[in-house]
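Participant: Structure incoming, see below.
The values are calculated or read from the model by the stated rules, or taken from the named source; none is laboratory data. What you are looking at is a predicted structure, and each value in this text was computed from that prediction instead of being measured. All Cβ positions, even for glycine, are placed from backbone atoms using ideal geometry, and neighbour counts span all protein chains on display. Quick note on the areas: whole protein, heavy atoms, side chains included, nothing else; ligands and nucleic acids left out. Shrake-Rupley method; radii C 1.70, N 1.55, O 1.52, S 1.80 Å.
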Amino acid sequence: MTAPRKRSNSLKLSSMLAGAASLTLAGCDDPSPQASWDPNRGEQVQAFSYKSLAECQAANEVSDEQCATSWATAQKDDAEKGPRYDARATCEEVYGPGNCVPRGQDGQSFFGPLLAGFVIGQMLDGGGSYRGTGMYRRDDRYGGGYYSTWGGQLGRDYGTGKTVISKTSIDPPDVIRNAPPKVQTRTSVVSRGGFGGGRSYASSSGGYKGGFGG
């Protein structure tokens with residue numbers, strides 16, 4: 001009797017934007033919701049990005065209170081769910097020299113990128129509902145551009161000229177928000193195209209109408 005063949009896990013890579021690094025797919029046998037979630041898919045919302053709280057308040061695009069709330073959320077998301085790497089060199093390969101610092105949580109030591117600022121997404125069209133999270137600048141070797149704590153990339157809607165980001169990369173579903181971050185090694189960074197997030201997510205192209213560098 002022929003022994004059944006084992007099903008192997010696979011990685012599927014696809015571009016989010018020209019020159020941008022791809023996200024990773026969990027194994028094809030993985031039935032978890034994380035295996036099919038892509039932070040760059042779904043509804044696009046207008047976004048505002050700032051390097052500091054003071055810059056947000058000076059811009060007068062959202063209220064000072066919203067600036068403060070979003071900045072506090074960005075710091076919290078960064079501390080609890082930010083990208084994690086086992087070595088400084090691995091982290092700096094993705095985010096650039098001098099942009100990674102040692103961190104630790106629950107007795108675990110790792111390195112994470114410095115916040116490049118924070119991003120605020122307008123949740124409802126024309127409404128006053130906003131949500132913020134951290135923002136990181138990826139090194140040009142990994143496509144450049146700005147990404148949220150949850151892995152979504154800031155883009156440009158060339159039809160309106162406005163900065164946009166997917167709603168779920170500002171406000172992810174609970175199953176993603178509650179997923180424990182993973183510490184990445186250089187092997188995983190290379191195999192995953194340098195994706196800076198701490199979790200394994202599925203990837204498929206689409207969502208953005210243009211790049212947003214800086």
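Participant: Which net charge results when you count Lys and Arg as +1 and Asp and Glu as -1 among the other residues whose beta-carbon is under 13 Å from that of Ala87?
Facilitator: Values: positive: Arg84, Arg88, Arg103, Arg186; negative: Asp86, Glu92, Glu93.
Neighbour charge sum, excluding Ala87 itself: +1.
Participant: Report Rg(Cα)/(2.2 N^0.38 Å) for segment 69-176, keeping two decimals.
Facilitator: 1.12
Participant: Here is a follow-up. Express in whole angstrom the spacing between the alpha-carbon centres of segment 48-77 and segment 139-166.
Facilitator: For segment 48-77 versus segment 139-166, the Cα centre distance is 18 Å.
Participant: In square nanometres, what is the average projected area of the Cα convex hull of segment 120-192?
Facilitator: Values: hull surface 25.4 nm².
About 6.3 nm², averaged over all directions.
Participant: Among Trp150, Trp71, what's the order by accessible area (1.4 angstrom probe), most exposed first?
Facilitator: Values: Trp150 0, Trp71 60 Å².
In descending accessible area the options line up as Trp71, Trp150.
Participant: Please state, rounded to one decimal and in Å, the Kirkwood hydrodynamic radius that segment 76-131 gives when every pair of distinct Cα atoms enters the mean of 1/r.
Facilitator: On the way: mean 1/r = 0.0776 Å⁻¹.
Result for segment 76-131, one decimal place: 12.9 Å.
Participant: Calculate the dipole size of segment 89-184 relative to its Cα centre from +1 charges on Lys and Arg beta carbons and -1 charges on Asp and Glu beta carbons; express the result in debye to the nearest 20.
Facilitator: Details: 10 positive and 9 negative charges, 18 e Å.
Charge dipole, segment 89-184, about its Cα centre: 80 debye, nearest 20.
Participant: Right, something else. Would you mind counting up the charge near Ala59? Only other residues with Cβ under 15 Å from its Cβ, with Lys and Arg at +1 and Asp and Glu at -1. Don't skip to the end; give the middle numbers.
Facilitator: On the way: positive: Lys51, Lys162; negative: Glu55, Glu61, Asp64, Glu65.
It works out to a net charge of -2.
Participant: How much accessible surface does Leu115 have with a 1.4 Å probe, in Å² rounded to 10?
Facilitator: 50 Å²
Participant: Leaving out ligands, DNA and RNA, and with a 1.4 Å probe, what % of the accessible surface on segment 29-139 is carbon or sulfur? Working shown, then result.
Facilitator: Working: 2430 of 5140 Å².
Exposed carbon and sulfur together represent 47 percent of the surface.
Participant: Around Leu115, with a cut-off of 11 angstrom between Cβ atoms, what is the net charge of the other residues, counting Lys and Arg +1 and Asp and Glu -1?
Facilitator: Details: positive: Lys51, Arg137; negative: Asp77, Asp78.
Charge balance near Leu115 sits at 0.
Participant: Ignoring ligands, DNA and RNA, how do Ser70, Ser52 rank by accessible area with a 1.4 Å probe, largest first?
Facilitator: Values: Ser70 0, Ser52 45 Å².
Greatest to least solvent exposure: Ser52, Ser70.
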